[in-house]
Each structure stands twice: as C-alpha cells, then as structure tokens.
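Since every read-out is calculated from the coordinates, none of them should be taken as a lab result. Since this is a predicted model, take the numbers as computed values, not measurements. Here the Cβ positions follow ideal geometry from the backbone for every residue, glycine too, while neighbour counts run over all protein chains shown.
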Amino acid sequence: MTTANTVPGSILVTGASKGIGLAIAKRFREEGFETVVCARNAEGLEAARAAVPGLHALECDMTRPDEVARLVARVGELVGVPDVLVNNAGAFIPGQIHSEQDGALEQMLLANLFSAYRITRALLPGMMARGSGTIINIGSTASITAYPDGGSYCIAKHALHGFSRTLREEMKPHGIRVVSLLPGATLTASWAGTDLPDERFMPAGDVAEMAWAAHRMSPRTVVEDILMRPLLGDIGS
C-alpha cells in the first residue's frame, strides 16, 4: 500500500509532557519525525525529554496568547512549519452548570478550545502555502455525549468538535486534513488514585496508534472522527 507520508516529517504536540500527548509524540518519534512538544510544567518536560530521546520540549501556557506566539516562533526555528499538529492541551474541572464556580466556562474554553484555535490559526498560513498538513484535535467522548458533573468541560469539548468540523470544510481545498480523535477513559495520571483496575481503561499507546494511523493514510483520504472507548464501556456506565 502506498501511504501519504513515507518520508518522516515534523510534528508539534501541545500539552504533551505526559499521558496521551506524550504517547503520541513517542509514536511519531519512533517513525523518525522531528518532534516538538510543549506543556506548562518544566519538571514534566524534563521527564518527557528523558523518556523520548531527541524530543524538543518547550515550556508554554497555551491559555496565554503571548506564550503561544513565542511557541510558534520557536517551533519555526526548530522544524519550520510542522507536517502534523496535534492539539492535545486541555484541562478538566468537574461540576454542573447550575452550581459550578463563576468563570469555570471561561477557564474550560481557554484550555480546551482557544488553545487549539490560536495555535492552529498561527500555523495554517504555512500549511496552506505548502498545500499539505494533518491537524488532529484531541477531544473526548464528552465532545459528543454530555454526562453529569461534566459541566463546562463538556461544553468546551463540544465546541472543540465543532471547531474541527468547521476547519475541515475550510481546509479541504488546501490539502489539509482535520481529524477529531475522541478517546474515552484512558489510563493516564488524570486517573491517579482511582480504585478501578487498569483493565478498565484504554492504554494511552492505543490512542497514539490511532493518531498515527490517521496521519499515514493516502492524501486522498481523511479520517474525520475517531471514537474510542474502553471495551467495557465508559467509566460509570
């Protein structure tokens, strides 16, 4: 089978000092990609560098436009316009709309939507000029299914899914694919302290494998939505 990207390229993964983001970075690095990750936590980035040899790890708070602008400039110096952008940065605050703290929606939108919106807008001109690129937005099952105590997080993840759909239509004439990757409960540090067995969760490596599979398709193909759940279903179901 002839695939779109037999020659290694470059990738930027946001929010990738651990968990799903780091697993994706590791998978692409294994394929020879020049790999850049960013996160807010300097200590976590050091651990990421140790875990993935050759990784470029940059500190950035994706909720701050000034830091995103600096990140884009640094990525340009390191790898130019990346072939793949993975918008993985995000945050979760549990709650319900009627009782969550004032400002919860703004926080969730900044972390889960505007982070992706800003970095994507900054990199799109270069991708469009080149006529190729893959943008993978890491959503959640919460992007399509609301649940109790999801509150503003569910709203923000629904909005990210809408962003993906809109961007996909805009980018079709420019050869840029936009993928929504929607994983359910994945075994990461977010679930630290749970009493549930590991078997109840998906491995982060499985999510990374789907990101790689979506990218390596022929340029004539886009995998629009990838919905992943633990075999036994959503946690709590």
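Brief remarks on what is shown
- Residues of segment 141-182 that turn out to be outside any helix (DSSP H, G or I) and at negative phi, as a count: 13
- Matching option when the condition is out of contact with any Phe, Trp or Tyr (no Cβ under 9 Å at 6 or more places or on another chain) and in contact (Cβ under 8 Å) with a residue 40 or more places away in the chain, among G126, G193: G126
- Listed by first and then second residue, the pairs linking a residue in segment 88-116 that is touching a residue at least 12 places away in the same chain (Cβ under 8 Å) and farther than 25 Å from L71 by Cβ to a residue that is assigned to a loop (DSSP other than H, G, I, E, B) and aliphatic (A, V, I, L, M), with Cβ atoms under 6 Å apart and 6 or more places separating them unless they lie on different chains, are A104/I93.
- Once segment 4-37 is narrowed to residues that are assigned to a strand (DSSP E or B) and touching a helix residue (DSSP H, G or I) at 6+ places or on another chain (Cβ under 6 Å), the residue that is surrounded by the most Cβ atoms within 10 Å (Cβ to Cβ) is V13.
- Complete set of residues in segment 161-177 that are under 22 Å from T141 (Cβ atoms) and out of contact with any Ser or Thr (no Cβ under 6 Å at 6 or more places or on another chain): G162, F163, R165, T166, L167, R168
- Identity of the residue in segment 76-92, of a type outside the set (F, W, Y) and closer than 23 Å to I155 by Cβ, that ends up farthest from the chain's Cα centre (by Cα): A91
- Condition broken by V79, with the remaining ones in (1) touching a residue at least 60 places away in the same chain (Cβ under 8 Å); (2) buried (at least 19 other Cβ atoms within 10 Å of the Cβ); (3) of a type in the set (A, V, I, L, M, F, W, C) satisfied: (2)
- Cβ-Cβ distances below 7 Å connect the following pairs, each with a first residue in segment 38-53 that is under 17 Å from G90 (Cβ atoms), a second residue that is assigned to a strand (DSSP E or B) and hydroxyl-bearing (S, T, Y), and a separation of six or more residues or different chains: C38/T14.
- Filter result for P125 (within 16 Å of E224 (Cα to Cα) and assigned to a helix (DSSP H, G or I)): no
- Residue tally, condition part of a loop (DSSP other than H, G, I, E, B) and surrounded by 20 or more Cβ atoms within 10 Å (Cβ to Cβ), over segment 88-122: 3
- The set of residues in segment 192-220 that are out of contact with any helix residue (DSSP H, G or I) (no Cβ under 9 Å at 6 or more places or on another chain) and of a type in the set (A, V, I, L, M, F, W, C) comprises A192, L196, M202, M210, A213, A214, M217.
- Put simply, of S10, S17 the only residue that is farther than 26 Å from A185 by Cβ and within 18 Å of the chain's Cα centre (by Cα) is S10.
This table checks each residue for (1) touching a strand residue (DSSP E or B) at 6+ places or on another chain (Cβ under 7 Å); (2) assigned to a helix (DSSP H, G or I); (3) on the phi > 0 side of the Ramachandran plot; (4) of a type in the set (A, V, I, L, M).
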{"residue": "A211", "(1), (2), (3), (4)": "yes, yes, no, yes"}
{"residue": "R220", "(1), (2), (3), (4)": "no, no, no, no"}
{"residue": "V223", "(1), (2), (3), (4)": "yes, no, no, yes"}
{"residue": "G233", "(1), (2), (3), (4)": "no, no, yes, no"}
